[in-house]
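A short reminder: the numbers here are calculations on the coordinates, not readings from a lab. Please read all numbers here as calculations on a predicted model, not as lab measurements. Positions of Cβ are backbone-derived with ideal geometry, glycine not excepted, and every protein chain shown enters the neighbour counts.
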Ligand code: UD1
Ligand code: UDP
């Protein structure tokens, strides 16, 4: 059986990596990267030692959604014709997943959707990811829902329950693997550099952000909140800034040259995981970070109006704070001054075995002997 794993962005690569390693043991697997991201993707490919069989190298600076979507459709037409693929696996809610799914459908190849069923039911938030994910659900033949809630969403939408499996989220698999490496002494130049730069007697606040719906005023508000929080003399803000020019322009303009705000380049995965493990608070609009932080029992202030990761909210691991400056500052102070005890809580997004569940299910679906 021939499987093509296709992805293009940093989070997709992190989440597909453990699955790739697992599937390779049982099937003929090839990897195609659209390279919707370039530097951010390459960092992940390098850490997980994945050499793509096809690299479409599509990223352009400040690319448009339509331009990228069209390029992926066209390029995938060629790739999908090179081998007799039985199944194409896509992940999540990106332009890559939606466009590749559609391209595979046009070629009458079955599509498996990893991390299926997450919903906000608000097409504007996250934009355009909510619609990408819903469209991919329409295209997909097999749906790997990370949680019960994601399964329920798909069932409610009329997806045949025989084609949905609750697998857990493969991000936890990647995280577990990386955490173990760190616990076994893995270090790199970046970790050592941060160890020598940061003042560990202060509370570390880790920040990320990249959502299109927050470009402009939203990011300005978030930066103003970070400026206000940085006035506390016992905090150290570490902010690996996303490479999107719309993010870079605002963040560097507003937050450069503040002593306890460290604006740094996007981090390789193990360094970022290490930072999560030592952080007191995370302020982020990232999907993956909302899923990972509960493993380290670090609260996440989610700088968005909606989230498709409701489980973390329900368990008290994350709080939707939007992009209102005052709101972010007040809630951040509350968490910093009164740390929550998450001792008895477990990460609701998985147990680290999603890659095995997905692999076994593919085997069952295709009845491979
Ligand atoms: C994409 C995904 C989003 C995901 C995010 C993860 C879509 C619509 N959005 O958003 O779901 O959460 O990735 O980060 O698919 N850039 C670089 N180098 C890189 C990556 C990005 O320079 O390695 C810059 C480029 O100028 C690029 C821009 O960022 O054009 C935007 O990248 P794009 O993939 O279109 O959107 P993201 O906002 O990253
Ligand atoms: N991440 C990383 N380096 C960074 C920031 C994030 O490796 O500098 C990881 C993070 O641990 C998570 C993923 O990238 O696994 C999240 O990516 P992003 O926030 O870009 O996308 P999203 O999850 O929102 O789709």
Item to check | The lone exception for residue 268 - which of (1) more than 8 Å from ligand 2 (Cβ to nearest atom); (2) under 24 Å from residue 198 (Cα atoms) it fails | outcome: (1)
Checklist entry - When you go through 101, 67 one by one, which is the residue that is assigned to a helix (DSSP H, G or I) and within 27 Å of residue 360 (Cα to Cα)? => result 101
Checklist entry - Within segment 72-95, can one find any residue that is within 14 Å of ligand 2 (Cβ to nearest atom), in a helix (DSSP H, G or I) and under 27 Å from residue 356 (Cβ atoms)? => result no
Checklist entry - Between a first residue in segment 60-73 that is farther than 23 Å from residue 105 by Cβ and a second residue that is within 16 Å of ligand 2 (Cβ to nearest atom), which pairs have beta carbons less than 6 Å apart while being 6 or more apart in sequence or on different chains? => result 62/245
Checklist entry - Is there a residue in segment 325-332 that is in contact with a helix residue (DSSP H, G or I) (Cβ under 7 Å, 6 or more places away or on another chain) and either within 16 Å of ligand 1 (Cβ to nearest atom) or part of a strand (DSSP E or B) (or both)? => result no
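Just to confirm my filter: which helices (runs of 4 or more DSSP H) fall fully inside segment 140-225 and include at least 1 residues that are touching a residue at least 24 places away in the same chain (Cβ under 8 Å) and under 18 Å from residue 358 (Cα atoms)?
Counting at least 1 such residues, we get 148-156, 170-183.
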Checklist entry - Could you list, in sequence order, the residues of segment 328-344 that are closer than 22 Å to residue 306 by Cα, out of contact with any strand residue (DSSP E or B) (no Cβ under 9 Å at 6 or more places or on another chain) and touching a residue at least 12 places away in the same chain (Cβ under 8 Å)? => result 329, 333
Checklist entry - Taking into account only those residues within segment 271-291 that are within 18 Å of residue 189 (Cβ to Cβ) and within 8 Å of ligand 2 (Cβ to nearest atom), which is surrounded by the most Cβ atoms within 10 Å (Cβ to Cβ)? => result 271
